[in-house]
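Only one structure is covered here, and it is reproduced in the block below.
The values are calculated or read from the model by the stated rules, or taken from the named source; none is laboratory data. This structure is a prediction, so every number in the text was calculated from the model and none was measured. Virtual Cβ from ideal backbone geometry, glycine too; neighbours counted across all protein chains shown. Ligands, DNA and RNA are stripped out before the accessible areas are found, and what is left, the full protein with its side chains, is counted by its heavy atoms. Shrake-Rupley method; radii C 1.70, N 1.55, O 1.52, S 1.80 Å.
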Amino acid sequence: MFVRPILLALLAISALPAAEDVRRERLRSELKEASIELARFSRAVNLIHELVAPSVVSIHTKEERLYANLRSREIQKREIEVGEGSG
């Protein structure tokens with residue numbers, strides 16, 4: 001009476017490693033495909049870099065400030081550089 005359920009449970013347990021092996025093999029295959037795609041993406045980034053490497057960007061930021069001229073009693077607007085960068 002208890003033999004049949006026990007045999008079925010043992011059969012199910014013995015099938016687990018095989019199912020796990022299939023799953024692991026599928027994951028390995030997917031990882032291999034992903035690494036190939038990553039290598040292609042990396043190469044694309046390198047090619048883009050080679051195409052634009054001679055380019056240089058220079059950025060200058062300026063700010064307008066108001067100054068009061070005490071002699072002429074006028075307010076003057078001046079532009080001053082507050083930052084710069086390149087890359």
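Key figures
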{"item": "Conditions (1) at pLDDT 90 or above; (2) open to solvent by 100 Å² or more (accessible area, probe 1.4 Å); number of the one not met by ALA44", "result": "(2)"}
{"item": "Scan of the stretch 21-50 for residues that are within 30 Å of GLY87 (Cβ to Cβ) and among the small types (Gly, Ala, Ser), ordered by number", "result": "ALA39, SER42, ALA44"}
{"item": "Hits in the stretch 47-60 (condition: surrounded by 10 or more Cβ atoms within 10 Å (Cβ to Cβ) and either of a type in the set (Phe, Trp, Tyr) or not in a helix (DSSP H, G or I) (or both))", "result": "HIS60"}
{"item": "Yes/no for SER72 being more than 30 Å from SER86 (Cα to Cα) and part of a loop (DSSP other than H, G, I, E, B)", "result": "yes"}
{"item": "Residue among ALA53, ALA18, ALA12 that alone is among the small types (Gly, Ala, Ser), modelled with pLDDT under 85 and within 30 Å of GLY87 (Cα to Cα)", "result": "ALA53"}
{"item": "Residue list for the stretch 67-87, restricted to those being small (Gly, Ala, Ser) and over 33 Å from the mean Cα position of the chain (by Cα)", "result": "ALA68, SER72"}
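Every residue, every condition in (1) modelled with pLDDT under 75; (2) in a helix (DSSP H, G or I); (3) on the phi > 0 side of the Ramachandran plot; (4) out of contact with any strand residue (DSSP E or B) (no Cβ under 6 Å at 6 or more places or on another chain), yes or no:
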site	(1), (2), (3), (4)
LEU8	yes, yes, no, yes
ARG24	no, yes, no, yes
LYS32	no, yes, no, yes
LYS62	no, no, no, no
